[in-house]
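Right, one structure below, let's go through it.
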Amino acid sequence: MQTIQATNYSVFFNETGYEKLASYLIPSSYSRIFILVDENTSQYCLPHLLNNLATEIEIEIIELEAGENHKNIATCTEVWAALSELGADRKSIIINLGGGVISDLGGFVACTFKRGIDFINIPTTLLSMVDASIGGKNGVDLGNLKNQIGIIREPKAVIIDTEFLNTLSQREMRSGLAEMLKHGLIFDKNYWDKFKNLKDLSTEDLNELIHQSIQIKNTIVCEDLTENGIRKALNFGHTLGHGIESYFLENENKTSLLHGEAIAAGMILESYISKEKGWLTNEEYHEIKYIINDIFERIEFNENDINQIIELLIYDKKNEFGKVQFALLEGIGKIKINQEADNELIFKAFEDYAV
């Protein structure tokens, strides 16, 4: 697949990726290589990477516990300390091998260690391939509040190796599809239409869809790296989706959701809000709702859940001047940014989601 050129880095695919990786990791460029993994990618992905990693530089592995609940400053402190103890200097590089938690946290650690060292993202989940590893957003959660602490700085490179998808459960694969569906809804109706017959897609089709999804996100990010304008389109489904994800993460009586599961619900809810504002036809809304519900299980919400989720919206990092901001659809393939919705309309969206 063709290399994708971002603002200050490139996204390489499969064999080409490892050839490029070898050209980066030479002794004259870097003093030491650190590979950041979690307990899952250490077992299932690291051996494959090491087999393809041709370098004379010393390599150190730093392993974290898996899970969103470890994506915090405390974990960063542990990694910073490990880097120091292992002799990292300003000419070291970190390779982030994992899903969204590893790429988000690893990028943040690299950006802040000794005021910034290089890092390369090698995503191992579908979600991180099409979303978290692309675009230069790095950060961690503050308690249960998503991505409150962070920085925008692009990696040295991103290597996409679709072999890693063979290590994922069906649930993890579905989670990644949410961001791909979003890219079609906000940017390209023809791309969205390709998901209408998901069961008929081959592995080759999936590889091409991944490439297109990355290209869509990259096109948006290259136009607006620091999210002052069109990049806000990528927040579709995420205002309510992040509220849902945070609430289920902190509530002991709820089973935690994967990111894509929460975002899928958020996209249905925010599509309903778009419809009620007159920007999305009834037919378009029901098409979106049907396709997403055909892939993802419907989440159960009671009135107290909804109230708690709405209260969490005020902490959303996308807010401006104390007002909750939505990116809403203006038809499939088009977006309206910097929109507001009152609590009554949000409640109606949840009511419609339940039926």
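Restricting L126, L97, L50 to residues that are modelled with pLDDT of 95 or more, within 16 Å of D161 (Cβ to Cβ) and open to solvent by 60 Å² or more (accessible area, probe 1.4 Å) narrows the list to L50. Set side by side, the residues E351, E320 differ, and just one is at pLDDT 95 or above and either of a type in the set (S, T, Y) or open to solvent by 30 Å² or more (accessible area, probe 1.4 Å) (or both), which is E351. Residue pairs whose Cβ atoms lie under 7 Å apart, separated by 6 or more positions or on different chains, with the first residue in segment 249-266 and more than 13 Å from H238 (Cβ to Cβ) and the second at pLDDT 90 or above and basic (K, R), are L258/R171. Scanning segment 4-46 for residues that are over 20 Å from the mean Cα position of the chain (by Cα) and open to solvent by 60 Å² or more (accessible area, probe 1.4 Å) yields E15, E19, K20, S23, I26, P27, S28, Q43, Y44. Of the candidates F164, F113, the single residue that is within 16 Å of N40 (Cα to Cα) and aromatic (F, W, Y) is F164. Under the condition of being out of contact with any Ser or Thr (no Cβ under 7 Å at 6 or more places or on another chain) and in contact (Cβ under 8 Å) with a residue 40 or more places away in the chain, which residue from segment 79-94 is surrounded by the most Cβ atoms within 10 Å (Cβ to Cβ)? Out of the qualifying residues, it is I94. Going by what's in this entry, would D141 be described as free of Cβ contacts under 8 Å to residues at least 12 places away in the same chain, in contact with a Lys or Arg (Cβ under 9 Å, 6 or more places away or on another chain) and either in a helix (DSSP H, G or I) or open to solvent by less than 10 Å² (accessible area, probe 1.4 Å) (or both)? So D141 does not fit the description; no. Please determine whether any residue of segment 308-316 is open to solvent by 90 Å² or more (accessible area, probe 1.4 Å) and at pLDDT 95 or above. The answer is no; no qualifying residue exists. Do we have N190 as at pLDDT below 95, farther than 13 Å from D131 by Cα and either open to solvent by 60 Å² or more (accessible area, probe 1.4 Å) or touching a Lys or Arg at 6+ places or on another chain (Cβ under 6 Å) (or both) here? For N190, the condition - at pLDDT below 95, farther than 13 Å from D131 by Cα and either open to solvent by 60 Å² or more (accessible area, probe 1.4 Å) or touching a Lys or Arg at 6+ places or on another chain (Cβ under 6 Å) (or both) - is not met. The residues of segment 9-36 that are part of a strand (DSSP E or B) and either modelled with pLDDT under 95 or closer than 22 Å to I210 by Cβ (or both), listed by number, are S10, V11, F12, F13.
Restricting segment 146-170 to residues that are hydroxyl-bearing (S, T, Y) and within 19 Å of N51 (Cα to Cα) leaves a set whose member that is nearest to the chain's Cα centre (by Cα) is T162. Among the residues of segment 53-68, the ones that are within 22 Å of the chain's Cα centre (by Cα) and open to solvent by 50 Å² or more (accessible area, probe 1.4 Å) come to 2 in all.
Just one of (1) over 23 Å from S256 (Cα atoms); (2) open to solvent by less than 20 Å² (accessible area, probe 1.4 Å) fails for K71. It is (1). Among the residues of segment 156-170, the ones that are open to solvent by 10 Å² or more (accessible area, probe 1.4 Å) and either among the β-branched types (V, I, T) or touching a residue at least 24 places away in the same chain (Cβ under 8 Å) (or both) come to 6 in all.
Scanning segment 216-231 for residues that are without any contact (Cβ under 8 Å) to a residue 12 or more places away in the chain, surrounded by fewer than 16 Cβ atoms within 10 Å (Cβ to Cβ) and within 16 Å of G184 (Cβ to Cβ) turns up nothing.
Taken over segment 245-273, residues that are crowded, with 24+ Cβ neighbours inside 10 Å and closer than 16 Å to L127 by Cβ amount to 9.
Against the list (1) in a helix (DSSP H, G or I); (2) surrounded by 18 or more Cβ atoms within 10 Å (Cβ to Cβ), the condition M173 fails is (2).
The values are calculated or read from the model by the stated rules, or taken from the named source; none is laboratory data. The model shown is predicted, which means the values in this text are computed figures rather than measured ones. Counting neighbours? That spans all protein chains shown, and the Cβs are built from the backbone with ideal geometry, glycine included. The area values use the complete protein model at the heavy-atom level, side chains included, leaving out ligands, DNA and RNA. Shrake-Rupley method; radii C 1.70, N 1.55, O 1.52, S 1.80 Å.
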